[in-house]
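A.B. asks: To start, I am sharing the structure in question, which I have written as structure tokens.
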Amino acid sequence: MKKLRLDRKYLYPALILLLGLVLLLIPSGGKRSETETAPDVTESGFSLSEYTREMETLLSQVQGAGEVHLLLSLDTDGETAYLYDRTESVSGDSGQTQLETVLTHEDGDQLPVVEKRSYPKFRGAVVVCSGADEAAVTLRVKEAVSCLTGLGMDRITVLKLR
């Protein structure tokens, strides 16, 4: 009978521990890393196709460039870090941390507060234009692409349009 009392003595702490372990294993929507990779470049405020079109329009205005086609490759898509409210609770020997996204109200909508946003980094660019056979045009086009993308001249190729 005494053995039964010992088991009951540890029954409640064991059940609480088991319940805590089960709760830790259940996936929750609030469990996110503090920096999330933007799933879509348009969500981060950047559209590669729109940016490419704008650059093509601009580059076609370079004296002697003529018709221009541009291909940009990305190294990273960019990241958006959201502001989180961290709540820590300690009871006995166990502790729990909860992250909750801080929301703001704009035009009746609840939107997450952006703490930091980094835009995509470019890997390289290929420009095909009708005026690429002139060295001065090639240099001006490379300078413009370098200025707009942050790429070094060695990462930009300018080719003659057939």
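The values are calculated or read from the model by the stated rules, or taken from the named source; none is laboratory data. Bear in mind the structure is a predicted one, so any value in this text is a computation, not a measurement. FYI the Cβ positions are ideal-geometry reconstructions off the backbone, even for glycines, and counts take in every protein chain you see. All accessible areas refer to the heavy atoms of the entire protein, side chains included, with ligands and DNA or RNA removed. Shrake-Rupley method; radii C 1.70, N 1.55, O 1.52, S 1.80 Å.
A.B. asks: Considering only residues of region 46-96 that are in a loop (DSSP other than H, G, I, E, B) and farther than 30 Å from Lys160 by Cα, which is modelled with the highest pLDDT?
C.D. replies: Step one: of region 46-96, the residues in a loop (DSSP other than H, G, I, E, B) are 46-47, 61-67, 77-78, 83, 92-93.
Now drop any that are not farther than 30 Å from Lys160 by Cα, which leaves 78, 83, 92-93.
Values: Gly78: 76, Leu83: 83, Gly92: 75, Asp93: 78.
Result: Leu83.
A.B. asks: If you don't mind, there's one more thing I want to ask. Evaluate the following for Leu161: is it farther than 23 Å from Gly66 by Cβ, touching a residue at least 40 places away in the same chain (Cβ under 8 Å) and among the aliphatic types (A, V, I, L, M)? Outline the logic, then answer.
C.D. replies: Details: farther than 23 Å from Gly66 by Cβ: no; touching a residue at least 40 places away in the same chain (Cβ under 8 Å): yes; among the aliphatic types (A, V, I, L, M): yes.
Criteria not met by Leu161.
A.B. asks: Take His105 and decide whether it is more than 14 Å from the chain's Cα centre (by Cα), surrounded by fewer than 14 Cβ atoms within 10 Å (Cβ to Cβ), of a type outside the set (A, V, I, L, M) and not in a loop (DSSP other than H, G, I, E, B). Full working, then the answer.
C.D. replies: Values: more than 14 Å from the chain's Cα centre (by Cα): yes; surrounded by fewer than 14 Cβ atoms within 10 Å (Cβ to Cβ): yes; of a type outside the set (A, V, I, L, M): yes; not in a loop (DSSP other than H, G, I, E, B): yes.
Yes: the conditions hold for His105.
A.B. asks: Scanning for something at pLDDT 70 or above and either surrounded by 12 or more Cβ atoms within 10 Å (Cβ to Cβ) or hydroxyl-bearing (Ser, Thr, Tyr) (or both), does region 24-45 turn up at least one residue? Can you show your working first?
C.D. replies: Filtering region 24-45 for residues at pLDDT 70 or above gives 24-26.
When the remaining residues are screened for being either surrounded by 12 or more Cβ atoms within 10 Å (Cβ to Cβ) or hydroxyl-bearing (Ser, Thr, Tyr) (or both), the result is none.
No, that holds for no residue.
A.B. asks: Step by step: first the residues of region 52-78, then only those that are acidic (Asp, Glu) and open to solvent by 50 Å² or more (accessible area, probe 1.4 Å), then the one that is farthest from Arg123 (Cα to Cα). Which residue is that? I'd like the intermediate steps shown before the answer.
C.D. replies: As a first pass, look at region 52-78 and keep what is acidic (Asp, Glu): 54, 56, 67, 75, 77.
Then keep just the ones that are open to solvent by 50 Å² or more (accessible area, probe 1.4 Å); that gives 54, 67, 75, 77.
Working: Glu54: 18, Glu67: 23, Asp75: 5, Asp77: 11 Å.
Going through the qualifying residues, I end up with Glu67.
A.B. asks: So, one more: Just the residues that are in a strand (DSSP E or B) and more than 13 Å from Asp75 (Cα to Cα), please, taken from region 113-127.
C.D. replies: Kept after step one, since they are in a strand (DSSP E or B), are these residues of region 113-127: 114-118, 121-127.
Hits for region 113-127 are Val114, Glu115, Lys116, Arg117, Val126, Val127.
Residue-wise test of (1) open to solvent by less than 40 Å² (accessible area, probe 1.4 Å); (2) among the β-branched types (Val, Ile, Thr).
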site: Lys121; (1), (2): no, no
site: Val126; (1), (2): no, yes
site: Ala132; (1), (2): yes, no
site: Val137; (1), (2): yes, yes
site: Val145; (1), (2): yes, yes
site: Asp154; (1), (2): no, no
site: Lys160; (1), (2): no, no
